[in-house]
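Written below as structure tokens is the structure these notes are about.
The values are calculated or read from the model by the stated rules, or taken from the named source; none is laboratory data. Note that the structure is predicted; figures quoted are calculated from it, not measured. Neighbour counts run over all protein chains shown; Cβ positions are idealised from the backbone, glycine included.
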Amino acid sequence: MGNHKMKKLLVLCAVFLANTAFAADAPAKNSQQTKMATCNAEAAGKKGDERKAFMKECLSAKPAAAAPVTQQDKMKQCNADAAGKKGDERKAFMKDCLSAKK
């Protein structure tokens, strides 16, 4: 992987983690604000016409499709949601939760 691609990947990961970590505390940003923050971070070091062209392309790009929810992800979420339930109640909850379409 090229150095530029690695930096871009690291920036995207940092932005994603920052947005995820503070999502519960901060008011929800709309997708355009999030996109602007991401594009600004990726444009670090670019100046003038190069930055302008990059920002135009970055802001007009379509967002990537969300990754499908895996069975493992479902299991983690259902386990977290089942906290405090025991016995038959937990068993019934887990069955419904794991079979639900997300």
task: Please indicate, with yes or no, whether at least one residue in the stretch 45-52 is closer than 29 Å to Cys97 by Cα, loosely packed, with under 10 Cβ neighbours inside 10 Å and modelled with pLDDT of 85 or more.
output: no
task: Might you check whether a residue that is over 30 Å from Lys8 (Cβ atoms), over 16 Å from the mean Cα position of the chain (by Cα) and not in a loop (DSSP other than H, G, I, E, B) occurs anywhere in the stretch 60-73?
output: yes
query: Can you tell me which of Asp88, Asp81 is loosely packed, with under 10 Cβ neighbours inside 10 Å, among the acidic types (Asp, Glu) and either closer than 30 Å to Ala43 by Cα or more than 17 Å from the chain's Cα centre (by Cα) (or both)?
result: Asp88
message: I want to confirm something. Restricting to the stretch 91-102 and keeping residues that are modelled with pLDDT under 90 and in a helix (DSSP H, G or I), which single residue is surrounded by the fewest Cβ atoms within 10 Å (Cβ to Cβ)?
response: Ser99
